[in-house]
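A short worksheet on the structure shown next.
The values are calculated or read from the model by the stated rules, or taken from the named source; none is laboratory data. For clarity, every value in this text was computed on a predicted model and none was experimentally measured. Don't worry about glycine lacking a Cβ; one is built from the backbone with ideal geometry, like all the others, and counts go over all protein chains shown.
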């Protein structure tokens, strides 16, 4: 029996497919894709981008090194890709992250064009992250273009990068729910409907949004072969380059000016007693130093103070928060500092990223993308149980199901934040109680350390999961 | 030149807006828009196609013409 697992989300391009074997990630290529790979790997831009981290390091492997079974597709060649610490999707990225991913996509289009290579698509899912650096992973997107062809991925680029960025920059509408709601991104028509009349005068709207929406509509029942017509008329690569260069300038110049966010000034606003903050840092620092960690999650990371502490001892950290602006700030800071092992992501723990797409297997839920061996849940539980109405026992069970050790902060009912959360609600949170919490925690974890903070309203716990027969 | 072509195309798009909304061709409209965004090289192709032809491409669901060679 073959122990090769096909990636269920890799099926759109029939010339190549991602599969897993022996904990490694491979891409099978058919004859066509093999020729394209040979052309790509001989180019200068491919070497440059691979060296600088813009394209995933990839090596061709002998077909005989993989124990294919007769039921596996008859690949002409196999590539092995460097494995990334954590897979993420555009609906988990902040504005600045999608912007940088878009700029990398355009840089690749422009650089490839100079060497006669095109990109057959422009999906945002072709980009992933190494810490705070975007990396292009779908090397099978590149193909040797014939002169006269338009930019095949232009429309998809608009749907997956440009329109989401425009609505957030011009309308302050977060793109993440739209991207999560539609695997193909945002249609021109939808984008247009979201913009106001005065936005028509702003960069990119008239041509990329309005004209494209109308042209698509007007052209829907043509019998003409536009591609052939354009090729005959001499469509050349200078057209693509001019468009891509202008798109690059447009996207680089976009600004998202959000209204004040809930959390990004949380630490600055003094919700924490200064001595509490120092004690918390020490507590997390001690756990971090207790052993080496492979993958740590910091859920409700805010601006990443504790993610950074953990990152000193963890191979990689995924820093998650539901606040768009906090993640944007964290991303920009990590990028400026050159931190390579913290990936900031937007995630609402009470509504985490689900399985999506074809057969609900194309995009994986957050908990299926790598098991953390350490989970931080600091100043989070009151938001989940009281703010999010999640029963205490279910939340603790969810944390247990993640499988890793846990550092959790319990915020007591006397804490000003809890008082604020309860102010306008009927208090039906009998389970929001220190004793209940400790009981639920102790039934699933061994409490290794418990430390009340100086303020007296917060308690830190370090807990190790109790093995069950199932795990 | 660029602005003039943009205005003309806008005009023809407006004219053709009343057409029936059927299955969306995934890129024909987008391919034509690329010409407008392609600077001087794009404008040259528009000229080569000829204004009438370019306009017809946007209105093609109404006016089915026999294939004609691009103006040389």
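General remarks:
- Taking region A:143-219 and the helices (runs of 4 or more DSSP H) fully enclosed by it, the elements with 1 or more residues that are within 13 Å of another protein chain (Cβ to nearest Cβ) and modelled with pLDDT of 95 or more are at A:154-157, A:163-171, A:188-194.
- Any pair with Cβ under 7 angstrom, 6 or more apart, that starts in region A:244-260 at a residue that is at the interface with chain B (Cβ under 10 Å from one of its Cβ atoms) and within 17 Å of residue A:111 (Cα to Cα) and ends at one that is outside any loop (DSSP other than H, G, I, E, B) and modelled with pLDDT under 95: A:246/B:37
- Any hit, region A:303-319, residues being surrounded by fewer than 16 Cβ atoms within 10 Å (Cβ to Cβ) and part of a strand (DSSP E or B): yes
- Within region A:40-58, the only residue that satisfies the criterion of being surrounded by fewer than 16 Cβ atoms within 10 Å (Cβ to Cβ), touching a residue at least 12 places away in the same chain (Cβ under 8 Å) and more than 25 Å from the chain's Cα centre (by Cα) is A:44.
- Taking the criterion of being in contact with a helix residue (DSSP H, G or I) (Cβ under 7 Å, 6 or more places away or on another chain) and closer than 22 Å to residue A:254 by Cβ, the residues of region A:126-142 that qualify are A:126, A:127, A:132, A:134, A:136.
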